[in-house]
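To start, the structure under review is shown below, and the notes come after it.
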2 protein chains.
Amino acid sequence: MDGISIETILLQILVLFTLAKLGGMLCERVGISSVIGEIAAGILVVNSGFLFQLIGLNFDLFHLLSLDADMSLFEVLSELGVIFLLFAVGLETPFSELRKVGRTATLVAVLGVILPFFAGLTLILGLGHGQTEALFIGAAMVATSVGITARVIKDMDLTRSIESRVIIGAAVIDDVLGMIVLAVVVGIAAGGSNGIIDIVLVSATGIAFVLLVIFFGSIVLPKARKRANGKRIEPFDDSTVCVRKRKFSISPLPLAIIVCLGLSFAASYAGLAAIIGAFLAGMAFAEFKDKWPCDEDFRPINAFLVPFFFLFVGMSVDLASFGNVLVLAAIITVLAVVTKYVGCGMGALKLGRGSANIIGVGMVPRGEVGIIVATIGLSMNAVSQGMFSVVVFMSMATTIIAPFLLTWAFRRKYGECSNGDQAEVHMGEASHP
Amino acid sequence: MDGISIETILLQILVLFTLAKLGGMLCERVGISSVIGEIAAGILVVNSGFLFQLIGLNFDLFHLLSLDADMSLFEVLSELGVIFLLFAVGLETPFSELRKVGRTATLVAVLGVILPFFAGLTLILGLGHGQTEALFIGAAMVATSVGITARVIKDMDLTRSIESRVIIGAAVIDDVLGMIVLAVVVGIAAGGSNGIIDIVLVSATGIAFVLLVIFFGSIVLPKARKRANGKRIEPFDDSTVCVRKRKFSISPLPLAIIVCLGLSFAASYAGLAAIIGAFLAGMAFAEFKDKWPCDEDFRPINAFLVPFFFLFVGMSVDLASFGNVLVLAAIITVLAVVTKYVGCGMGALKLGRGSANIIGVGMVPRGEVGIIVATIGLSMNAVSQGMFSVVVFMSMATTIIAPFLLTWAFRRKYGECSNGDQAEVHMGEASHP
């Protein structure tokens, strides 16, 4: 940010944030996830010179805001945004709930991870790209966005249906599996070597980190706490209340931020993606929700920071070179939809064809997770600019079509939804998954 | 941030935030404002090399974290933090309340602004410093920190006493006057010229900006809204409810952030301090609290961002060169306490000597506002490094002693406080004023 005045930086933040929020609001007005609008705002800003040239005008917002001089501030804001976003997703994924979900959800999740991953991997390898890039594309096709699916179900007032419970459960397991796949892929990309021993070693490190943190943060600590609480309450009542009150006065937000940033750094230091640490920190904190509630506190922080991540994603898309990869983007999108639908549908077949149809369709949206994977690949120079645009296109497309498909599938089984006209349009900060 | 990896930046943010929160928590444990602990953390980090050298050790945290390479990220985080902090202070200052406070509070505020300002100005000019620096020191001695005073009163459970109402009212008017003084001083410093016509012109611009924003944001808009509401509700009931519900769905936080950043940029563009715009934006929003409540949303955002401002303040203090200005710092501190006490006490004399004593003492703490003024002076090269340290010392000292003085003054009038042992120790994020 050398040479750029703090006044200019204020203007950059103001304009980018305003455009992202406007884009998000417009999308929500027409019933699409606000994420799409925020990415679109980023694409518009960085490509404004190119777009205005098409209609014969000379106007470049990116240049006008001096954004071409230095983007490092927005890289940091974007990183903080995605770290806090993944923490918030983790917060909604208590490990104890995960165990209750049952076999069907697990089967749905596992099949829905394996099929897209290998389909993507095979296609990209078949097109003659490198192994690392193929691994990243495969990984980007894996993870379903829990947020978007959950929101559609909530809007339709169908959270208590059996399909909805399986979808949410599977999406959560799918998230954890996606993180493990990502950990392995990043490890391989960072390792650089292609030897099979290296791959095994790196995979083992990634899986070990994830399992270790889950084991301590989500199993050992909560159990230790329960035992300690149990011991303390029995013998003398008054002093217990006193001790408890004092403990409660440690406010949860700073603690959550410190643990989140700490595990993010630890993951990054161990050669994994920082967001894996953030996600696991969130999962651990989810077990302590009653003692340290902090989901409400992360809502406004994320309302401010997360748009910078999606803006940054949009600003990494180069429309001028997009024409070359349009066909590939279409193929990958179709592949992403079909493999997820078939994989998850197969896993849910024993619930009947109607339910399998709903569940298959419900797991289609990739949303932010696929993009996050591709962003990491781009930053490690493992994914090309063109391939990055392909993943952004796939994520946006699956996210846009999923709500329509899901509404259709639910109506097909349950008939016209009586609550259809109740579907509210929420605007602004409540929208991030 | 060139050449520093995102991993190192994560570590910087993690370590600085953790130290600030630890410092803040420690201070609150012993009953001092957490602000002091956060500044102290910054002082420790930047002076760790010097301090460890004193005990013969070689350890420099500042260098270890690569903070010496580039501080621009923390400059931006600090600026965002102070902008949002002043917005939150403005949120607690609705203009409509200001008008109700009455003559005593106004007199207390005005006398409590004039005396310290001219005392500081005269002293610094008398010591042979430049006019601009003297103006900044005068301005830094003006503003009482509403937050700290209000918190002490709240802790003593005396919010309904007549003195408390006058103190809070006067502190609010004092804030507005402080902003006007700051606007004028910054204008003069930016103008550079010393001609009397320039000073008048620049003062006029500053005052005009403040009054214009207050007039539109806090008087015209709320009235227009009331009239519009009045008109709309009468004729047809059902559709009104519908229209209202829709309007409410615009979530207040993004709007507040955009207005806050927008007015901050406008103030900065007009040659004033950005925080003046933020404060006025908060004041305007305070009038719409029922429609767009956002104070709760700014609490967590500020819990994350504001510590970076106080850290940054601490990191601007050079202990090695502090020995030279220690005497001056002590003189300025005594002057700041005495002038504020006398000025405000005189303004409140008609309430009786006991009450005047309380009110004079209650207005003493300068807290963050004096430091903010000095930071702006430092960034404009109008205030020297040594003089900046003097102001930080004065702000910290007045803030530390004020609660003790205030407790003494209240007890002197009201006798032993029955609720003394109820004074709670809040920790963590709830602490920022």
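The values are calculated or read from the model by the stated rules, or taken from the named source; none is laboratory data. What you see is a predicted model, and the numbers here were worked out from it, not measured in a lab. Cβ atoms come from the backbone with ideal geometry, glycine included; neighbour counts cover every protein chain shown. Heavy atoms of the whole protein, side chains included, go into the accessibility calculation; ligands, DNA and RNA do not. Shrake-Rupley method; radii C 1.70, N 1.55, O 1.52, S 1.80 Å.
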Notebook entry, point to check: Taking region B:130-152 on its own, how many of its residues are at pLDDT 90 or above, buried (at least 24 other Cβ atoms within 10 Å of the Cβ) and small (Gly, Ala, Ser)?
Noted result: 2
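Working only within region B:29-45, note down all residues that are open to solvent by 20 Å² or more (accessible area, probe 1.4 Å) and part of a helix (DSSP H, G or I).
B:ARG29, B:ALA40, B:ILE43, B:LEU44, listed by residue number.
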Next item on the list: Please give the number of the condition A:ALA286 fails out of (1) farther than 20 Å from A:SER96 by Cβ; (2) in contact (Cβ under 8 Å) with a residue 12 or more places away in the chain; (3) of a type in the set (Gly, Ala, Ser).
Entry: (1)
Next item on the list: Scan A:PHE95, A:PHE84 and give me the residue that is modelled with pLDDT of 80 or more and surrounded by 18 or more Cβ atoms within 10 Å (Cβ to Cβ).
Entry: A:PHE84
Checklist line | Criterion: touching a residue at least 60 places away in the same chain (Cβ under 8 Å), part of a helix (DSSP H, G or I) and within 14 Å of chain B (Cβ to nearest Cβ) - qualifying residue of A:LEU26, A:LEU51, A:LEU80 | finding: A:LEU80
Margin query: Here is a check on your reading of the model: is B:VAL337 on the phi < 0 side of the Ramachandran plot and open to solvent by 10 Å² or more (accessible area, probe 1.4 Å)?
Written below: yes
Check: Within region B:94-111, is there a residue that is under 20 Å from A:ILE13 (Cβ atoms) and in contact with a Gly (Cβ under 6 Å, 6 or more places away or on another chain)?
Finding: no
Item checked: Failed item in (1) surrounded by fewer than 16 Cβ atoms within 10 Å (Cβ to Cβ); (2) away from every other protein chain (no Cβ under 11 Å); (3) farther than 30 Å from A:ILE43 by Cβ, with A:TYR269 passing the rest -> (2)
Check: Which one of these does B:ALA109 not meet: (1) within 14 Å of chain A (Cβ to nearest Cβ); (2) within 19 Å of the chain's Cα centre (by Cα)?
Finding: (1)
Notebook entry, point to check: Can you spot a residue in region B:65-75 that is more than 9 Å from every other protein chain (Cβ to nearest Cβ), in contact with a helix residue (DSSP H, G or I) (Cβ under 8 Å, 6 or more places away or on another chain) and farther than 20 Å from B:LEU319 by Cβ?
Noted result: yes
Item checked: Of the criteria (1) over 20 Å from A:GLY120 (Cα atoms); (2) part of a helix (DSSP H, G or I), which one A:VAL369 fails -> (1)
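Just the residues that are part of a helix (DSSP H, G or I) and either of a type in the set (Lys, Arg) or within 9 Å of chain A (Cβ to nearest Cβ) (or both), please, taken from region B:1-15.
Listed by number, the residues that qualify are B:ILE6, B:GLU7, B:ILE9, B:LEU10, B:LEU11, B:ILE13, B:LEU14.
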Note to self: Let me spell it out: the conditions are (1) more than 10 Å from every other protein chain (Cβ to nearest Cβ); (2) at pLDDT 90 or above; (3) under 19 Å from B:GLY314 (Cα atoms), and B:THR18 meets all of them except one. Which number is the exception?
What the structure shows: (1)
Next item on the list: Give just the number: which of (1) open to solvent by less than 30 Å² (accessible area, probe 1.4 Å); (2) within 23 Å of the chain's Cα centre (by Cα) does A:SER48 not satisfy?
Entry: (2)
Note to self: Checking the conditions here, which among A:VAL113, A:VAL185 is closer than 30 Å to A:TYR269 by Cβ, modelled with pLDDT of 80 or more and touching an Asp or Glu at 6+ places or on another chain (Cβ under 7 Å)?
What the structure shows: A:VAL113
Next item on the list: Determine, yes or no, whether A:VAL313 is in a helix (DSSP H, G or I) and under 21 Å from A:ASP175 (Cβ atoms).
Entry: yes
Note to self: Could you check region A:55-81 and list, in sequence order, the residues that are surrounded by fewer than 16 Cβ atoms within 10 Å (Cβ to Cβ) and of a type in the set (S, T, N, Q)?
What the structure shows: A:ASN58
